[in-house]
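Data first, discussion second: the structure below is written as structure tokens.
The numbers here are math on the coordinates, done by the rules we state, and not lab data. Just so you know, these numbers come straight off a predicted model, no measurement behind them. When we count neighbours, we look across all protein chains shown, and the Cβ atoms used for this are built from the backbone with ideal geometry, even at glycine.
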Amino acid sequence: MLICDEFLMLNLPKTGSSFARSAIKEVFRQRSSKLNRVLYNLRIKEPPLKEYLTHNLYIPGRRKGQHGTYIQIPEKYRDKDLVSVVRNPFTKFISGYEYQFWVKRPPLPKALIESEFPSFPNLSLDQFVDFSMKAADLRSNSTNKMRLGMQTLQFIQMFFKEPSRVIANIDEAYLSSDKKYRSDMADVTLLRQEYLRHDLCEFLKHKGFSEEELNIIKNYRDVNRTKRKATHRSIVWTQKALDFVKINEGFLLKILEDKGYTYNVPDVGSATR
């Protein structure tokens with residue numbers, strides 16, 4: 001997470017947060033004199049922007065990283081305005097399948113993969129649905145009675161005040177209510193990945209950043225854009241994959257719609273590119 005006087009940024013994985021973090025760091029770098037940058041590096045002077053690294057609460061053994069959650073925010077920073085980035089759950093699901101981070105770092109034990117997914121890592125989109133659901137169950141320590149998808153679990157664990165309690169006790173009434181989740185979720189401004197430069201500039205403008213600093217954001221290079229694994233083909237949506245995102249990620253879609261962000265359901269058989 002990034003912490004400064006004006007706000008605190010939480011970094012939801014695979015949403016464009018790497019760009020936002022890097023661009024904001026560049027704004028603060030250009031604010032500082034060369035002397036101050038030396039003093040910051042020598043820890044003689046406290047920098048105006050800090051990156052607070054934390055352990056991953058849900059994947060044991062990972063080294064400290066930038067994806068800290070709301071419950072990991074130090075108490076002295078809890079009153080800061082929160083901001084983060086979200087992404088269309090449909091495109092995020094397809095992106096997760098295509099870029100295959102799950103091959104490099106499998107979220108399931110080797111024995112389980114060998115017994116239930118013998119063709120791994122060559123999984124079809126429908127097989128990836130089952131693989132993702134197994135990973136979600138493991139991430140929730142088998143408390144995921146409502147079969148929430150991985151994106152929804154990750155969102156709750158990132159932004160809710162008591163995520164474990166919510167996941168363990170969530171039911172149909174909670175999911176269908178327009179209000180129940182609001183008191184459980186932190187007050188956070190959500191920027192859209194598909195309009196990230198614009199949304200980030202608007203947020204920073206309201207925080208008093210100058211037009212010159214906003215231009216740094218507007219003209220900043222792309223960051224951490226992963227190369228496609230298979231540029232020669234398109235991925236075609238299946239009914240099973242669409243139903244999985246619509247239903248198992250339905251609570252996340254509901255929250256995003258409540259924030260004013262509605263994402264249309266792709267057609268069955270439509271190609272992602």
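Remarks
- Cα shape, region 108-156, gyration tensor, a/c 1.5 rule: prolate
- A Förster radius of 30 Å combined with the Cβ-Cβ distance from LYS161 to HIS206 puts the calculated FRET efficiency at roughly 0.75.
- Between the amide H of ASP184 and any residue lying 5 or more places away or on another chain, no distance stays under 5 Å, with hydrogens modeled in the peptide plane.
- Using 0.36 nm per residue and subtracting the Cα-Cα separation, the extra length available between ASP5 and ASN264 on full extension is 89.6 nm.
- Share antiparallel - DSSP beta bridges, the chain, percent rounded to 5: 55
- Stretchable slack from GLU114 to ASP171, in nm (0.36 nm times residue separation minus alpha-carbon distance): 17.3 nm
- Sites matching trypsin sites (Lys or Arg not before Pro) across region 1-61 that sit in DSSP coil, with at most 10 neighbouring C-beta atoms within 10 Å: ARG43
- For region 100-203, the list of trypsin sites (Lys or Arg not before Pro) that fall in a loop by DSSP and count at most 13 other C-beta atoms within 10 angstrom reads LYS145, ARG147, LYS161, LYS179.
- Local net charge near GLU211, Cβ-Cβ under 11 Å (Lys/Arg +1, Asp/Glu -1): 0
- Computed FRET value (nearest 0.05) for ARG221 with TYR99, which takes r as the C-beta separation and R₀ as 25 Å: 0.80
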